[in-house]
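First the structure, in the form of structure tokens, and then the observations on it.
The values are calculated or read from the model by the stated rules, or taken from the named source; none is laboratory data. Quantities reported herein were computed from a predicted structural model and do not represent experimental measurements. Note that we place each Cβ from the backbone using ideal geometry, even for glycine, and neighbour counts take in every protein chain shown. All accessible areas refer to the heavy atoms of the entire protein, side chains included, with ligands and DNA or RNA removed. Shrake-Rupley method; radii C 1.70, N 1.55, O 1.52, S 1.80 Å.
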Amino acid sequence: MIGVFDSGIGGLTVVKALKRLSPSYPILYLGDTARTPYGSKSKRTIIKYSLKNAEFLVRQGARIIVIACNTASSCAPEAIRERFGLPVFEVIGPGAQAAVKVSRKQRIGVIGTRATIVSKAYEQRIQQIQPNAKVYGTPCPLLVPLVEEGWLSKPETAMIIKKYLHPLKNLQIDTLILGCTHYPVLKQLIQRKIGSRVVLVDSAEAAAEKVHAYLRNSGNHSGNHLFDRKIQPESRIFITDTTEQFCKTARLILKDPIPMQIVDL
Ligand code: DGL
């Protein structure tokens, strides 16, 4: 089973991409809706919550963990690997690689939560691959609550996006990383506001491709019960608090419903 977690609904954009790329693998998704947002919390707290999330997913039968949250990916992967000794995937490495690949001028913008931008995780990963790249990060703290609320096509959302992107437009970036898994649902709006010449890189999509490649290779090893296709448990979504809005927005993102259950961690 693939265990996927996020602070809320955003990680469903990774689930959507995974279901498209690797439809035969069941997914356990945990949205920590009781404690969202993570982006305004300290590194210590984000690591603590991430370990709890991973522990829950492992107890439910997950044998690989996908951190479908940039904020948690910026600080928690090592702690999760150390604690559980399982393969752990995150979204920042794949997002950084994809951006370097598509950027012509290596002038790359990143939008994300405050914690992700302050961590400089994207900047570090990009400069490891391409030391000459210029990376400009802009925190967009209001976008996560707007997505959680389902305000996907409201004029207020468009106005806020325009304001956030204004400095990046002036810096003449040619590539923009959606460094938060909540943002792909606002992709069209973001593209309109940043302009059609800027290439958008979706960290959720890039991460799902990485997991897909891993599953394809692992699937080739016979006897790997983890990916035994005869065992076909159902995909499930767990949330730590009820929000009517979560269900509505989840339906918008996933289209096909996945059974949902409230849990305490
Ligand atoms: N989807 C999370 C991310 O990618 C949102 C974090 C939050 O809860 O603020 O960073």
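Give just the number: which of (1) more than 11 Å from the chain's Cα centre (by Cα); (2) open to solvent by 10 Å² or more (accessible area, probe 1.4 Å); (3) within 16 Å of the ligand (Cβ to nearest atom) does Phe89 not satisfy?
Phe89 satisfies every listed condition except (1).
Out of all the residues in segment 198-218, which are more than 17 Å from Val4 (Cβ to Cβ) and either at pLDDT below 95 or not in a loop (DSSP other than H, G, I, E, B) (or both)?
Result: Val199, Leu200, Val201, Arg216, Asn217.
Name the single residue, out of those in segment 6-61 being in a loop (DSSP other than H, G, I, E, B) and away from the ligand (no atom under 15 Å from the Cβ), that is most open to solvent (accessible area, probe 1.4 Å).
Ranking the candidates gives Pro23 first.
Evaluate segment 188-196: report whether one residue or more is within 16 Å of the ligand (Cβ to nearest atom) and β-branched (Val, Ile, Thr). So that I can check it myself, show each step before the final result.
Our first condition is that a residue be within 16 Å of the ligand (Cβ to nearest atom); within segment 188-196, this holds for 190.
Filter once more, so that each one left must be β-branched (Val, Ile, Thr): 190.
So far as segment 188-196 goes, yes, one or more of its residues are within 16 Å of the ligand (Cβ to nearest atom) and β-branched (Val, Ile, Thr).
For the structure I just gave you, tell me whether Pro141 is within 19 Å of Thr45 (Cα to Cα) and part of a loop (DSSP other than H, G, I, E, B).
Judged against the criteria, Pro141 is a match.
All but one of (1) more than 10 Å from the ligand (Cβ to nearest atom); (2) part of a helix (DSSP H, G or I); (3) crowded, with 21+ Cβ neighbours inside 10 Å; (4) not aromatic (Phe, Trp, Tyr) hold for Val66, so report the exception by its number.
Result: Val66 passes all but (2).
Within the set of pairs 6+ apart or on separate chains, which have a first residue in segment 227-255 that is at pLDDT below 85, a second that is of a type in the set (Phe, Trp, Tyr), and C-beta atoms under 8 Å apart?
Listed by first residue and then by second, the contacts come to Phe227/Tyr25.
Give me a count of the residues in segment 39-66 that are within 14 Å of the chain's Cα centre (by Cα) and at pLDDT 95 or above.
Result for segment 39-66: 3.
With (1) within 13 Å of the ligand (Cβ to nearest atom); (2) surrounded by fewer than 22 Cβ atoms within 10 Å (Cβ to Cβ) as the list, and Val185 as the residue in question, which single condition is left unmet?
The single condition Val185 does not satisfy is (2).
Quick check: anything in segment 114-129 in a loop (DSSP other than H, G, I, E, B), at pLDDT 95 or above and either farther than 24 Å from Val185 by Cα or open to solvent by less than 10 Å² (accessible area, probe 1.4 Å) (or both)?
no
Filter segment 148-177 down to the residues that are open to solvent by less than 30 Å² (accessible area, probe 1.4 Å), hydrophobic (A, V, I, L, M, F, W, C) and in contact with a helix residue (DSSP H, G or I) (Cβ under 6 Å, 6 or more places away or on another chain) and list them by number.
Across segment 148-177, the qualifying residues are Ala158, Ile161, Leu165, Leu176, Ile177.
Identify the single condition in (1) within 16 Å of the ligand (Cβ to nearest atom); (2) without any contact (Cβ under 8 Å) to a residue 12 or more places away in the chain; (3) more than 23 Å from Glu205 (Cα to Cα) that Trp151 does not satisfy, given that it satisfies every other one.
Among (1) within 16 Å of the ligand (Cβ to nearest atom); (2) without any contact (Cβ under 8 Å) to a residue 12 or more places away in the chain; (3) more than 23 Å from Glu205 (Cα to Cα), Trp151 violates only (3).
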